[in-house]
Amino acid sequence: MLNQPQEKVIIIGPAHPLRGGLASFDERLAKQFQDDGFDTTIYTYSLQYPSFLFPGTTQYSSEPAPTNIKIKVCINSINPLNWLKVGLELKKLKPSIVVVRYWLPFMGPCLGTILRIVKQNKYTKVVCIADNIIPHEKRFGDKQFTKYFTKPIDAFVTMSKKVLSDLKQFSHQPAQQILHPLYDNFGAIVSKQEARNHLQLNQHDNIILFFGFIRKYKGLDLLLEAIAVLKESTKNEVLNTNNEKKEIRNNIKLLIAGEFYEDRKQYDDLIEQLNIKESLILKTDFIQDSEVKYYLCAADFVIQPYRSATQSGVTPLAYHFEKPMLVTNVGGLPDLVPNGKVGLIAEPNPQSIAEKIKELYTFGEQHFLAALQEEKKKYSWKILTNKIVELGSSSE
């Protein structure tokens, strides 16, 4: 049933005019389904979060809508009458498969209700891409909302072992882990010189990058403390970068690119306390899609100092732009970054992170390049769409 051309696929999840990694993912997934021959539409949110659940400045993109993708803005996450309307519309539409994104228990009542109505047509199969099952920041009702959501799902795709394991608490339906595909929709690699010119960064600095929304579990404070450790320990050291010796006294700069999703003051206070302001480049507004490539390409290395993690959308970004990574030994991060091949793995503490940053510069970028180029071949959108179709078909 599902492999016939022009069968309908509906993706329920964030998309333009909403912004962020989930929206970018869903739009790229829709494109792949279209390339595979499916009539594909994204049903996205007219209201995604009430303001108390959204810590950023705006939920909406200021960039133009993607071309050649059908997006219907229609789901209100807090209006039960809307859930009934959308559910009945999709039930009547009879798509072969509905792909639904789940990342936050708050969405459980809305999505669970819509999907129950859709399933009444006895035709549509529902496959969930589960980004998180147990959320990073816990709230009252999480378990009950997630239980309600998972009931009408026919099969699940996860992108980390952790989520696959967490899922067993809520569902025994078929589930499979798939590697997070590359974010190849942010443009081609540009030279480091061009990227730094665009961002007005010093061509000669050693620059490491922290990229993405700033939240407690992502460990930016650990990285700031690591910068202080590094600054002290490397005052008189010389490291070898790209076969060129550079004195790095006060010369490693941390580029922080992403919007604060929690109180900024605690970070400003820590920066002041550690006396590392001159070692930082702060770009803490939301990074538009058209600017992403410049930040990745301007950096020497991408640092993910997470305290906890399921998976990270930053990892496939780094793969796409062929940037070696440092990740901490938490959640699913080490599974995606073979140690010593495409980057290094540190323990989630400032001392270990600082030591591994030094080690990255000792190796140099070129040391990791061939392995990055080989490893990134595993991260295919076609693999993901094939698996979704297979899971939908096998659940009949």
Q. Out of all the residues in region 183-198, is one or more crowded, with 19+ Cβ neighbours inside 10 Å and under 23 Å from Lys387 (Cα atoms)?
A. yes
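Suppose we filter Leu282, Leu255, Leu326 for residues that are modelled with pLDDT of 90 or more, within 13 Å of Gly212 (Cβ to Cβ) and aliphatic (A, V, I, L, M); which single one remains?
Leu255
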Q) Cβ-Cβ below 7 Å, separation at least six or inter-chain, first residue in region 367-382 and touching a residue at least 12 places away in the same chain (Cβ under 8 Å) and closer than 30 Å to Phe38 by Cα, second surrounded by 14 or more Cβ atoms within 10 Å (Cβ to Cβ) and of a type in the set (S, T, N, Q): which pairs? A) Trp381/Gln32; Lys382/Gln32
Q: Please work out if Ile388 is under 30 Å from Ile153 (Cα atoms), at pLDDT below 95 and either part of a helix (DSSP H, G or I) or of a type in the set (Ser, Thr, Tyr) (or both).
A: no
Q. Is it true that some residue in region 133-155 is in contact with a strand residue (DSSP E or B) (Cβ under 6 Å, 6 or more places away or on another chain), closer than 23 Å to Leu391 by Cβ and touching a residue at least 60 places away in the same chain (Cβ under 8 Å)?
A. yes
Q: Return the residue satisfying two criteria in turn: it lies in region 342-353 and is touching a residue at least 40 places away in the same chain (Cβ under 8 Å) and buried (at least 24 other Cβ atoms within 10 Å of the Cβ), and of such residues it is nearest to the chain's Cα centre (by Cα).
A: Gly343
**Q.** Ser312, sole failed condition from (1) part of a loop (DSSP other than H, G, I, E, B); (2) hydroxyl-bearing (Ser, Thr, Tyr); (3) under 12 Å from Leu209 (Cα atoms)
**A.** (3)
Q: Considering each residue of region 20-38, count those that are in contact with a helix residue (DSSP H, G or I) (Cβ under 9 Å, 6 or more places away or on another chain) and surrounded by fewer than 21 Cβ atoms within 10 Å (Cβ to Cβ), and give that number.
A: 6
Q.
Tell me yes or no: at least one residue of region 133-142 is out of contact with any Ser or Thr (no Cβ under 8 Å at 6 or more places or on another chain) and not in a loop (DSSP other than H, G, I, E, B).
A. yes
Q: Check region 126-134 and report whether any residue there is at pLDDT 95 or above, β-branched (Val, Ile, Thr) and under 22 Å from the mean Cα position of the chain (by Cα).
A: yes
Q. What number goes with the only condition from (1) more than 19 Å from Ala228 (Cα to Cα); (2) touching a residue at least 60 places away in the same chain (Cβ under 8 Å); (3) of a type in the set (Val, Ile, Thr) that Thr328 does not pass?
A. (1)
Q) Looking only at residues in region 259-308 that are in a strand (DSSP E or B) and touching a Leu at 6+ places or on another chain (Cβ under 9 Å), which one is nearest to His367 (Cα to Cα)? A) Phe301
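The values are calculated or read from the model by the stated rules, or taken from the named source; none is laboratory data. Values in this document were obtained by computation on a predicted structure and should not be read as measured data. As a convention, Cβ positions derive from the backbone with ideal geometry for all residues, glycine included, and neighbour counts pool all protein chains shown.
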